[in-house]
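S.K.: Below: one structure in structure tokens.
The values are calculated or read from the model by the stated rules, or taken from the named source; none is laboratory data. If you're wondering where the values come from, they're calculated on a predicted model, not measured in any experiment. Neighbour counts run over all protein chains shown; Cβ positions are idealised from the backbone, glycine included. Just so you know, the surface numbers come from the protein's heavy atoms only, side chains and all, with ligands and any DNA or RNA stripped out. Shrake-Rupley method; radii C 1.70, N 1.55, O 1.52, S 1.80 Å.
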Amino acid sequence: MSSKEGSGGFRKRKHDNFPHNQRRDGKDVNSSSPVMLAFKSFQQELDARHDKYERLVKLSRDITVESKRTIFLLHRITSAPDMEEILTESEIKLDGVRQKILQVAQELSGEDMHQFHRAITTGLQEYVEAVSFQHFIKTRSLISMDEINKQLIFTTEDSGKENKTPSSDAQDKQLVTWSLKVTPVDYLLGVADLTGELMRMCINSVGNGDIDTPFEVSQFLRQVYDGFSFIGNTGPYEVSKKLYTLKQSLAKVENACYALKVRGSEIPKHMLADVFSVKTEMIEQEEGIS
């Protein structure tokens, strides 16, 4: 047995060779020293930052959930008799999402947004997807990033209630303006996710006998795909990953348009959705094999 090991076969610690009264005790540390005070302030700052980060993550989850519910609602528009009723209900839901984004803007007041961007990026992408989906249904065009950011400017009173149309009585009160800007990466990723929802709307509309929507969606997706192709691999990594999914969605829509144009008169309208779903599965299997 080496001299470094005790009778029990365990290695001795270095401070065991010193007398007990010579060991350094934590009680001797001066808590009022400048170093300790500096580290206590660091601890408080880090704790506050971590708490803020967790609050933003929870808000981002709420934004994601409500945006998904809005998208599910908008998909009902292909089979609903009253289109305006669904659009009005979706606008109410999006107003609720914007109230959550207002809370995010208040949390980020005086902070660098990019330090907390990872906590809120998922929610912002889903919101962009929902807003752009609603805008496409209304206008058959793509909403711009500036238009989205204009919707994320809020004016509130000291009580915290939103005041979009202040009256003469409220002019004497102090108004505070909050804003949150969607980054270009969040906008691009949200638009890329939009293509998947448009592909689903295309297939659903065909099943309900709507022949015009697939061709409109196909033309729109080609323009979006051309725009993403200009970015290519020079953009962020997440954008290049979405490009493959976008290409798949475009291929499925083009396949539906081809079947409508070539064999539309041969297939009954109530069977078109089944035919497209089978062809979509065949395309996915071929892509998996290749």
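S.K.: If the requirement is being surrounded by 11 or more Cβ atoms within 10 Å (Cβ to Cβ), at pLDDT 65 or above, outside the structural domain of residue 140 (by the TED database) and part of a helix (DSSP H, G or I), which of these qualifies: 273, 256?
M.R.: 256
S.K.: State the number of residues belonging to the stretch 97-118 that are open to solvent by less than 10 Å² (accessible area, probe 1.4 Å) and either charged (D, E, K, R) or within 21 Å of residue 48 (Cα to Cα) (or both).
M.R.: 5
S.K.: Please verify whether residue 139 is farther than 17 Å from residue 224 by Cα and of a type in the set (Ser, Thr, Tyr), treating the condition exactly as stated.
M.R.: no
S.K.: Could you run through the stretch 119-152 and say how many residues are surrounded by 14 or more Cβ atoms within 10 Å (Cβ to Cβ) and either free of Cβ contacts under 8 Å to residues at least 60 places away in the same chain or in contact with a Pro (Cβ under 8 Å, 6 or more places away or on another chain) (or both)?
M.R.: Final tally of qualifying residues: 8.
S.K.: Evaluate the following for residue 210: is it farther than 13 Å from residue 141 by Cα and either outside any helix (DSSP H, G or I) or not assigned by the TED database to the domain that holds residue 235 (or both)?
M.R.: Yes.
S.K.: Filter the stretch 83-96 for residues that are without any contact (Cβ under 8 Å) to a residue 40 or more places away in the chain, open to solvent by less than 70 Å² (accessible area, probe 1.4 Å) and acidic (Asp, Glu) and give the result.
M.R.: Passing the criteria: only 95.
S.K.: So, one more: Among the residues of the stretch 230-247, is there at least one that is more than 25 Å from residue 130 (Cβ to Cβ), at pLDDT 80 or above and surrounded by fewer than 18 Cβ atoms within 10 Å (Cβ to Cβ)?
M.R.: Scanning the stretch 230-247, I find at least one residue that is more than 25 Å from residue 130 (Cβ to Cβ), at pLDDT 80 or above and surrounded by fewer than 18 Cβ atoms within 10 Å (Cβ to Cβ), so the answer is yes.
S.K.: Which residue, of 68, 12, is open to solvent by 80 Å² or more (accessible area, probe 1.4 Å) and modelled with pLDDT of 95 or more?
M.R.: Criteria check complete, one pass: 68.
S.K.: Here is a further query. Of all residues in the stretch 118-151, how many are outside any helix (DSSP H, G or I) and farther than 18 Å from residue 189 by Cα?
M.R.: 2
S.K.: Ok, one more. Which condition number in (1) in contact with a Ser or Thr (Cβ under 6 Å, 6 or more places away or on another chain); (2) at pLDDT below 95; (3) not aromatic (Phe, Trp, Tyr) is the one that residue 126 fails?
M.R.: (2)
S.K.: Which of the residues that make up the stretch 182-212 are open to solvent by 10 Å² or more (accessible area, probe 1.4 Å), over 24 Å from residue 123 (Cβ atoms) and touching a Ser or Thr at 6+ places or on another chain (Cβ under 9 Å)?
M.R.: Scanning the stretch 182-212 gives 203, 204, 207, 208, 210, 211, 212.
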